[in-house]
Amino acid sequence: MTETISIGGGLRYDYEKLIGEDLLGGGTLEKSQGEWLPKVTVSYRPNDDVHVYGTISKGYHAGGFNGALPIDDELAEYDAEYLWNYEIGIKGRLLDGRLQYDIAGYYLDWNDQQVQSQNGLGTIIFNGGEARIIGVDGSLTALLAEGLVLTSGFSAQNAKYTSYIDDVNAPAFGIDTNLAGNKLIGAPKLSLSSSLQYVFSLGNGDFGVRLRADGRYTSKRAFDTTNLLIAGSYFLANLYAGIENETIEVGIYVDNVFDKTYLLGGSLSSATFPPLLTISDPRIYGVRAKFKF
C-alpha cells in the first residue's frame with residue numbers, strides 16, 4: 001500500500017469426503033463437508049528494525065465417524081469444529097541486533113470443539129461447545145557478551161469454555177452437565193522458559209566449549225474437560241557441558257536437575273476407577289556424543 005504498510009490475504013477451500021463401512025450394523029457411512037478459510041494480514045514496517053502486524057484467520061477441522069461403539073445413535077458421528085484467530089504483535093531488534101524481541105496478543109474464538117471421551121469400549125469424539133482463548137506471548141534473545149546468549153520466553157493465557165453442555169462425561173461422575181467456565185485441556189495460565197548458553201574456544205581454536213542451562217516453569221493444567229483432574233505446576237531445569245569441533249561433540253548432561261516429579265498427561269476412565277496418569281522421567285544424567293561425516 002505504501003513504503004511501510006502492506007496488506008496480504010489468502011483464501012483456501014477445504015473439502016473432505018469420508019466413506020466408511022459399518023461392520024456391526026451393516027451398510028455404508030458417508031459424510032461430505034467443505035469450508036472456505038480466509039486469512040488477512042496487515043504489516044507496518046517503519047524501519048528495518050521494527051515490524052508491527054495484525055492477522056485475522058479462520059481454522060477448520062472436518063468431522064468424522066466414531067470407530068468405537070457409541071453410547072447412542074447421536075454419537076455415531078461428529079461435526080466439524082471452527083476457530084477464528086485474531087492476533088496483533090510486534091517484532092524487532094535493538095542495540096545493532098544484539099537484542100531481538102517479539103510480543104503478540106491473541107484472541108481465539110473456538111466453536112463446536114471436538115472433544116474425546118471414554119465410553120467404556122473405546123474413545124469417542126463429540127462436539128463439546130464453544131470456547132475462547134485470550135493470551136499474550138513473547139520471546140527475547142540477548143547477546144550479553146561474546147559467545148554468551150540469553151533466550152527467554154513467556155506465555156500467559158485464559159482459556160475457558162464459554163458454552164458447554166456435557167451429556168457424555170459429566171453424568172458419569174455425578175457433576176453438573178453445564179461445564180461453562182471450565183479450563184480447556186492442557187492450557188496453563190502461565191508458561192516461562194529461559195536458556196543461558198556460553199560458547200568459547202580452547203587453545204588455538206580447534207575446539208570449543210559449550211555450557212548451557214535451561215529452565216522451564218508451567219502452571220496448573222486441566223487434563224479433562226470436567227476439570228476433575230488438574231495437574232500441579234512444576235519447574236524443570238537441565239544442564240549441559242561439552243567440547244566440540246567441526247566433526248565431533250562430546251558432553252555430559254543432567255536432565256531434571258532437581259529430580260522433580262510432575263504429570264505429563266492423564267485421563268479419567270470412570271468414576272469407579274482411579275485416573276490413568278503419565279508421570280515425568282526422574283533425574284537423568286549421562287554422556288552424549290555427536291559425529292558429523
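From the backbone phi of the stretch 243-249, what are the Karplus-calculated ³J(HN,Hα) couplings (6.51 cos²θ - 1.76 cosθ + 1.60, θ = phi - 60°) in whole Hz, Gly and Pro given as x?
With coefficients 6.51, -1.76 and 1.60, one gets 10, 8, 9, 5, 10, 9, 9 Hz.
Would you mind listing how long the chain runs along its three principal axes, going by Cα atoms, in whole Å with the largest first?
76, 56, 41 Å, listed from the longest principal axis down.
Pairs of alpha-carbon atoms within less than 8 angstrom and 6+ residues apart define the contacts here; what relative contact order does the stretch 200-293 have, in percent?
Relative contact order here is 24 percent.
Within the stretch 213-230, name every residue whose backbone N is under 11 Å away from a label modeled 7 Å from Cα of Asn238 along the Cβ vector.
213-216
Please list 110-116, 134-140 highest first by mean number of surrounding beta-carbon atoms within 10 Å per residue.
So the order, starting with the most tightly packed, is 110-116, 134-140.
Per q in 0.14, 0.21 1/Å, what log10 I(q)/I(0) does a Debye calculation on the alpha-carbon atoms of the stretch 17-115 return?
Each listed q corresponds, in turn, to -0.70, -1.06.
Pairs of lysine in the chain with Cα under 24 Å and at least 8 positions apart or on different chains: total?
18
Taking only C-alpha pairs under 8 Å that are 6+ residues apart, what is the relative contact order of the chain in percent?
9 percent
Per 0.36 nm of contour for each residue apart, how much would the distance between Ser163 and His51 grow if the chain were fully extended, relative to their Cα-Cα spacing?
Answer, rounded to one decimal: 36.7 nm.
No lab work stands behind these numbers, since they all come straight from the coordinates. Please read all numbers here as calculations on a predicted model, not as lab measurements. Cβ atoms come from the backbone with ideal geometry, glycine included; neighbour counts cover every protein chain shown.
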